[in-house]
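Notes follow the structure.
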Amino acid sequence: MEVAAAAMELLRRRKARDSLLEFSQQIIIPGAPVSDDPDEWQFKPIETRVAAHHRLLMETLQRISETPGGRAMVFMPPGSAKSTYTSVVFPAWAMGRKPGM
């Protein structure tokens with residue numbers, strides 16, 4: 001049983017290393033509202049899917065990281081998580097893939 005769990009963990013880590021989208025699904029993304037109410041989980045909807053605009057942004061960020069001199073301009077409305085993905089999630093993933101970046 002431990003061998004199967006270790007193999008699953010290794011596979012999960014490899015997917016997260018290869019894909020920004022997978023990485024974002026494996027970490028706790030900062031900025032989520034915090035509440036002192038212990039019963040909040042019963043009333044608050046839980047998002048299990050990545051929104052289409054988040055997927056598009058992460059695919060673009062991954063593509064520019066794999067392109068020499070890659071650049072992108074991000075134009076999204078306020079509150080669309082562009083700062084979270086471009087300045088928190090993406091740099092952590094990119095620096096983990098390329099140490100010394």
| field | Members of region 29-55 that are at pLDDT below 75 and within 13 Å of Tyr85 (Cβ to Cβ) | value | Pro30, Gly31
| task | Report, by residue number, each residue of region 59-73 that is under 14 Å from Pro91 (Cα atoms) and among the hydrophobic types (A, V, I, L, M, F, W, C). | result | Leu61, Ile64
| task | Please find, within region 56-73, the residue that is surrounded by the most Cβ atoms within 10 Å (Cβ to Cβ) out of those that are under 20 Å from Ile27 (Cβ atoms) and modelled with pLDDT of 95 or more. | result | Leu57
| note | Taking region 73-101 and keeping residues within 22 Å of Ala16 (Cα to Cα) and either among the acidic types (Asp, Glu) or assigned to a loop (DSSP other than H, G, I, E, B) (or both) leaves Ala81, Lys98, Pro99, Gly100, Met101
| remark: Pairing a residue in region 1-13 that is under 18 Å from Phe23 (Cα atoms) with any residue that is assigned to a helix (DSSP H, G or I), where Cβ atoms lie under 7 Å and the two sit 6 or more apart in sequence or on different chains, gives Arg12/Gln26
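The values are calculated or read from the model by the stated rules, or taken from the named source; none is laboratory data. This one's a predicted model, so the numbers in the text were calculated from it and none came from an experiment. Glycine gets a Cβ as well: all are built from the backbone with ideal geometry, and neighbour counts include every protein chain shown.
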